[in-house]
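Report on the structure given below.
Derivation of every value follows stated rules applied to the coordinates shown; laboratory data play no part. Not measured: the values here are computed from a predicted model. Positions of Cβ are backbone-derived with ideal geometry, glycine not excepted, and every protein chain shown enters the neighbour counts.
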Amino acid sequence: MMKSLLILALFASSTAFAQVEQELDSFGGNEALYMKAKALNPEVESDVVQNRFSQRTNRFELAPEFSGVFGGDAYNRTTNAGINVHYHINPSWSVGVKYNYAFNNLTPEGQSMVDKASKAASENPKDPNYLFPQVIYPKSETLALVNWYPVVGKLSFGKLGVAHFDTYLLAGYGNIELSNNTTSEATLGVGMGFWINKNLTTRLEYRAQQYKAEYYDKTQDMLTGVGSVQMGWML
């Protein structure tokens, strides 16, 4: 009889423990349930991911960025420093603006062409046949943006902590100021954001942008890529 009661008690304990485990959600959001489960079976170590995403609805985010431009004028290389302002309508959608100021340097090919033209001009100042290469480079850009966040989640690194992340798609339209004129610009991109805490974020973003460049003898469609790193702060 005593043996039967002992078996029933062990069965009841294991059943209760299993029920409590089922009540725990995948992110371990209920600490009280976790402590209850641990008390039922203290020999089992359970790592529970605490902390949830911060509330983003109706909040602003300021995000300075640094970016590099791939493509564009063959004689020029561009990097940008700028800032993004996002208004989060809800966790899935945000709208905002992006401003970038450009820093430009000649590529080795561009520098070689300029050096050759400068040498020809110094040796034959009255000869009209030498020609400096025309380099079209960006000076700044201003874009209106729409961001969509279809996937959000968490990564657990055990006792090191938890990383919150989201992935997003973006579309934008605005103006880009070039060295010789200002023209319209469209952009599409994808990014991933990592939440360091409830207010601080880090974004890795890549976007394609398209605009027209006016040369002496032609109008050329420019399709460039921009890779950026951003640090954001939720207000």
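Considering every pair of different Cα atoms, what Kirkwood radius, in Å, is found for the stretch 178-235? Working shown, then result.
Details: mean 1/r = 0.0730 Å⁻¹.
In the stretch 178-235 this quantity evaluates to 13.7 Å.
Evaluate the distance, in nm, between pseudo-label points positioned 7 Å from the Cα of PHE103 and of ARG59 along their respective Cα→Cβ axes.
3.1
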